[in-house]
Every structure is written in structure tokens, then in C-alpha cells.
Amino acid sequence: MDSQCKYGSISRGDGELYLRLPININYQEKIWDHAAGCLIVEESGGKVSDVTGKPLDFSQGRTLASNKGVIASHSDTHSELLKAVKSVLQL
């Protein structure tokens, strides 16, 4: 399933979460994989951040250079999901 469809699934309530965990220290997510989906999830009341809890920063060019990974979920579960991801990644 394409990234944008995953975001749409969360915004409709058909999905609970979307994780893009960092695959290596140098990898940067591309903005075209996340910009529209981020907006859709946030407008539907959800939350999107990187694995440290920072909002996605689309002002750095073609990549999310200021972010590592992506977590998208419903607002009421985002903080618990973020804690779990930080624990697993030892952040």
C-alpha cells in the first residue's frame, strides 16, 4: 500500500498507526511521501511526528532532513505510541 493510502486509512479510522522507523543514520524521508498524508491525518484530528516527537519539517528541501522516521496515529494514542517507539529505539 502506498504511503498516502496508509495516511488516508488512519484519517478514516480504518487504521490505527503508520510507522516509518529510521532504517539507518543517514536515511532521510522524502517530503512527497508524507506531505499530503500528514495534512490529511492532522485535519482529521490525528497526529504526525517523527520518532522523537517533533512535527515533520517540510521546509528543508526535498527531504525531511530535520526529522528521523515518521509516526502517524490517532491523537489519543500518539503519546503512548511515541513512548513505546522511543523505548524500542532507546532514544
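Scanning the range 46-91 for residues that are in a loop (DSSP other than H, G, I, E, B), β-branched (Val, Ile, Thr) and under 9 Å from the mean Cα position of the chain (by Cα) returns a single hit, Val51. Of all residues in the range 28-48, those that are touching a Gly at 6+ places or on another chain (Cβ under 9 Å) and not hydrophobic (A, V, I, L, M, F, W, C) total 3. Residues in the range 30-55 that are surrounded by fewer than 20 Cβ atoms within 10 Å (Cβ to Cβ) and not β-branched (Val, Ile, Thr): 13 in all.
Against the numbered list (1) modelled with pLDDT of 95 or more; (2) open to solvent by 70 Å² or more (accessible area, probe 1.4 Å), Ser73 comes up short only at (2). Within the range 1-15, restricting attention to residues that are part of a helix (DSSP H, G or I) and surrounded by 15 or more Cβ atoms within 10 Å (Cβ to Cβ), which residue is modelled with the lowest pLDDT? Checked the range 1-15; the qualifying residue modelled with the lowest pLDDT is Ser3.
The values are calculated or read from the model by the stated rules, or taken from the named source; none is laboratory data. Keep in mind that this is a model prediction, so the values were computed, not measured. For neighbour counting, all protein chains shown are included, and Cβ atoms are generated from backbone atoms with ideal geometry for every residue, glycine included. Just so you know, the surface numbers come from the protein's heavy atoms only, side chains and all, with ligands and any DNA or RNA stripped out. Shrake-Rupley method; radii C 1.70, N 1.55, O 1.52, S 1.80 Å.
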